[in-house]
Structure formats: structure tokens, C-alpha cells
Amino acid sequence: MVSSCKKKGCTDPVSLAYEIEASKDNGSCTYPENNKKTLIFYATGTWCQYCGDLGRDFCEDLTSDFPQSQIISLHKDDPLTSNIGSITQSYLDSINGLLGCPHFYLGVNSVVDPSSSPSSYSQLTSSVDDNLLLFSEVNVDLEYTINGNRMNIKVQSKLSTETPIDNYYLSTYILEDDVVKSQNVSGNYDYNFIHNNVLRKQVSDDIDVFGSSLNFDANGDNLTSFNDVSLDSTGEWNYVNLYVVAVVWQKNGNDYRFVNLDRLK
């Protein structure tokens, strides 16, 4: 008598827990949980004397006070400037005007310049508070692996039940913490300054601030994969300190608004 044994596991290919060899679902599939986060773009530069003190203080306080916030540092005209960082800053300038460094944006909207108003941290926290209270239209989960100088990334997105399915976009970024580069601090250079949330790369083939369109299935699910994403091979990046941030946007006419994000450190 010949008996067959079906392998149990997650059989839903849009789940991060999907097992290609599984033929019988055992309920192990995972889906993004309702978890609203917020995005802050931070315009900075190693040459900027206020970025080394007031800008740094705002970033550290924001990270401590709001664990659900994600800062992405956009370096301007310095050794940490990236292609996608420059493109993103150009877009922010096009809708907010030229605002210089340091400057904080919630999504694409200007919030505060610490150098002109050092007491404006409360204005920034108020904007973050308001955004975190918004309905979470799209929830996100992700995973990645590094093999040599290549990264494989999977981003799972799920619509909330009341959410329309149109005009959502996904940007997926590689960031790095603990980058040691000189920094102007109140007119003096600190050559051992530690930079966090440094934007290294956008992983999609077509570099664009808002990435590519998200197409959801009938259940409101999407799985986007990025395979063999090349990492810097010159030794400039420390792979141990890399992490991934996936950001969801919605397009309204010619404008985009931030919706939600996930990160994996």
C-alpha cells in the first residue's frame, strides 16, 4: 500500500510566510497588522552647522519620543548624498520652495526649520501626533536577506477593508545607521560624527520618489519582490548597519500624500 504525505504550511503566495512546497494550508500564513507609522524627511548636510546640533537633537528626540516614526535623512551636496536623495529633495523643493538645511518634512509637506525657531520641536511633534492618529489605509510588512553584495526584499501590503484600491504606490529604500563622517557642529567639524537614517538607495529599477504602482488582488493583498538588488561593493557601506523601509503613497491628481510605512532593522 502506497501512502502520500502532503506537506503542511502557508499556501498563500502573497504572504511572507508562503512555502512553495506546501500543499496543505496549516494556518501559518501571516499578513500585515494594523500599524500606523509616520515618515519624516530630514534635509541635512555635513557642511551645515545647525544640522550638527539642533538638527541632530531634533532627530534624536523624535526617535525617542515616537518609536512609530521613521526619519529618512536627505543629504545635500556632501559625501552622503544619494541619487534618490537628490531626486526626493528636488521634489520637496518644487512643492515647498527652497528651504535649506536643516529642515523637517512630514511626508512631502514642510513642517519646521530648527535653526530659525529652536523651540519649534513642539510643532514637529504635533504634526507627527496628528499623522499617527489617521486611519491606516494600507498596512505593510517586509523581509529581506543579504547574500554577498546582493539583497533580496519582499514587501507585503494589505488594504484595510474600507480602503479604495486605486492610485497607491510603493517606494522601497535601503538606509544605513552609524555612518561615521565629519560634520559641521556650530562652526567646528567633528570628524567622528555618527549619522543615522542615511538614505543609500531606492531598490526599484526605475528611480522615482514614489516608486511603482501597487496592484492589489481581490482580497486587497499585494506582494512585491526585489531580487538581487546590488549593494555598494567599495566598502563604503557597512552591511551590518543597513535596513529597509517600505513606504506607501497615494496619488491624487498630480499630488502625492504619505499613507503608511514599515521598516525592518
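Data for the structure
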item: Residue in region 10-30 that is open to solvent by less than 30 Å² (accessible area, probe 1.4 Å), touching a Cys at 6+ places or on another chain (Cβ under 7 Å), modelled with pLDDT under 95 and among the polar types (S, T, N, Q) present; result: yes
item: Any hit, region 194-202, residues being modelled with pLDDT under 95 and of a type outside the set (D, E, K, R); result: no
item: Whichever residue in region 212-231 is over 19 Å from the mean Cα position of the chain (by Cα) and open to solvent by less than 70 Å² (accessible area, probe 1.4 Å) and, among such residues, is farthest from V248 (Cα to Cα); result: D217
item: The lone exception for V155 - which of (1) aliphatic (A, V, I, L, M); (2) open to solvent by 10 Å² or more (accessible area, probe 1.4 Å); (3) touching an Asp or Glu at 6+ places or on another chain (Cβ under 9 Å) it fails; result: (2)
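Condition check ((1) open to solvent by 30 Å² or more (accessible area, probe 1.4 Å); (2) in contact (Cβ under 8 Å) with a residue 24 or more places away in the chain) across all residues:
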| residue | (1), (2) |
| --- | --- |
| Y173 | no, yes |
| V180 | yes, no |
| N184 | no, yes |
| I194 | yes, no |
| N197 | no, yes |
| F210 | no, yes |
| Y239 | yes, yes |
| N260 | no, yes |
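Conditions (1) over 21 Å from F41 (Cβ atoms); (2) not in a strand (DSSP E or B), marked per residue:
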{"residue": "N192", "(1), (2)": "yes, yes"}
{"residue": "R200", "(1), (2)": "no, no"}
{"residue": "D208", "(1), (2)": "no, yes"}
{"residue": "F216", "(1), (2)": "yes, yes"}
{"residue": "N219", "(1), (2)": "yes, yes"}
{"residue": "N222", "(1), (2)": "yes, no"}
{"residue": "S225", "(1), (2)": "yes, no"}
{"residue": "V229", "(1), (2)": "yes, no"}
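The values are calculated or read from the model by the stated rules, or taken from the named source; none is laboratory data. Everything numeric here is computed off the predicted structure, so don't read it as measured data. Cβ: placed from backbone, ideal geometry, glycine included. Neighbour counts: every protein chain shown. In case anyone asks, the SASA skips ligands and DNA or RNA and just uses the protein heavy atoms, side chains included. Shrake-Rupley method; radii C 1.70, N 1.55, O 1.52, S 1.80 Å.
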